[in-house]
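Structure first, then comments.
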Amino acid sequence: MAGGSFAPAGVAKERAEQYQGKLTAYVIVACIVAAVGGSLFGYDIGISGGVTSMDGFLHKFFKTVYKQKMLAHENNYCKYDNQGLAAFTSSLYLAGLVASLVASPVTRNYGRRTSIICGGISFLVGATLNAAAANLAMLLLGRIMLGVGIGFGNQAIPLYLSEMAPTHLRGGLNMMFQLATTLGIFIANMVNYGTQKLEPWGWRLSLGLAIVPAMVMTVGGIFLPETPNSLIERGSKEEGRKLLERIRGTENVSAEFQDMLDASEFASAIKHPFRNILERRNRPQLVMAIFMPTFQILTGINSILFYAPVLFQSMGFGGNAALYSSALTGAVLVSSTLVSIAIVDKLGRRVLLISGGIIMIICQVIVAIILGVKLGVNHELSKGFSVLVVAVICLFVVAFGWSWGPLGWTVPSEIFPLETRSAGQSVTVAVNLLFTFIIAQSFLALLCALKFGIFLFFAGWITVMTVFVYVFLPETKGIPIEEMILMWRKHWFWKRIVPELLKLIALLVVGQTTQQCDMF
């Protein structure tokens, strides 16, 4: 076996101090092109809320909601409450959930690049159908195709970025995905701000412009290199080493290459990664793959982002003011993500997650108090309190942008061993999209039922997740992606779950089968 010792993570000892190489232009360009897929995810999140508040769109597809909106004395919290309208937004995420599970074997067997290209093509089809939609069925079919694109893109891109990045810069480069997502949200909000004046067809332009980043993702994906990890995993070891030397800018890559070989050797024995991921030794990673994306959505950020114009109009803002305010939150999100990229590999993941959580709790409580005391059911906020609400929501978005926004994707993508990496990312994406679907489908009804209490609902979940990070998430800063398993064995809680390394090596030495090893 390559490299001598053999362990369940693919490596038996830490070689991080032997890693050499630098951040090359080759890596930067590859990561930028790959991360463009995030802009599609963000563009859709941002575009949906603006489109669903446009009169031309509502009049064509959701006449009931249009009539409710036109009423003079509607309930502030309930005028957009319609399950059909919610389905327009949420159908994409349900389709993405299913597609992410299909994308896992594609990503593992055919490479990360193939999944990225598949995602881009699906986006192109979906954006075209949405822009040309003549009826609700065509509109929903387009959303489903966009969901397939999200499933493939979100499954493959974070993995691609984690595997291409040097260890000491992995956090920042991985966040290129989130940065592209936030840029997509901001661009979508600005597009909506312009197209809402082009009634009654402006919504078609908003939906159709998704073709632009989809083209970049598809064409760029064709020219992207595969990751060294994926090449080695699929048997192209020499090609993988040459690519590793090229992206690290040095021929002295023996230590990192050896870790990849060890990980690949163990991964090749795993025929059922989804079954394997349920085993005891993979328990910490599975828990994080489930809870990190769950908590990311339960911050309430997606509700604010893809229902921002609707939310602000519900608070009594005028149509233009609502779109302007949502564009402002998009710009703030981009800025805070840039801050996170700059400091994540210096301060670490835990500090950002915990500090962001505390600030988000405070912001949600303040907004709930203002709306509860000053808004009521049929009133509008005064100008002063409207400005205060927007300011507090922007602060909330800032805290999310440096913490749970990027790190909700970064942490799960970097903690799995090679043999379960694509399956683990599929679990992360599927859980994220499941809860995105649930919140997207239920948010308008929750807003109507809970009123200002919706913000306290999310504040409660943020409290839970902040405590979860403090207690259960070890720091992953500076740990090579192939050596993460050693981190769990040092954690006060997870070391009770993860088996001792020597026990597993002993079984392999005496020739036990992989299935027998899995019992541990």
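The values are calculated or read from the model by the stated rules, or taken from the named source; none is laboratory data. Worth saying up front: this structure is predicted, and the values here are computed from it rather than measured. Positions of Cβ are backbone-derived with ideal geometry, glycine not excepted, and every protein chain shown enters the neighbour counts. Accessible surface areas use protein heavy atoms only, side chains included; no ligands, DNA or RNA. Shrake-Rupley method; radii C 1.70, N 1.55, O 1.52, S 1.80 Å.
A few points about this structure:
- Low-density loop positions, trypsin sites (Lys or Arg not before Pro), segment 174-249 - DSSP coil, at most 14 other Cβ in 10 Å: Lys197
- When the P(r) is computed for segment 414-456, the part past 18 Å accounts for 49% of the Cα-Cα pairs.
- Mean-position separation - Cα centroids, segment 404-433 and segment 160-208, in angstrom: 20
- For segment 145-199: rounded, prolate or oblate by the Cα gyration tensor [a/c cutoff 1.5]: oblate
- For the pair segment 329-400 / segment 219-245, the C-alpha centres are spaced 41 Å from each other.
- When all protein chains stay in place and ligands, DNA and RNA are ignored, the 1.4 Å accessible-area order of Lys374, Lys490, largest first, is Lys490, Lys374.
- Radius of gyration and Dmax over the Cα atoms of segment 427-497, both given in Å: 17.3, 48
- When all alpha carbon pairs of segment 217-263 are counted in 5 Å bins from zero, the resulting P(r) reads 5, 23, 30, 20, 12, 8, 3 %.
- Calculated over segment 392-474, the projected area of the Cα convex hull averaged across directions stands at 6.4 nm².
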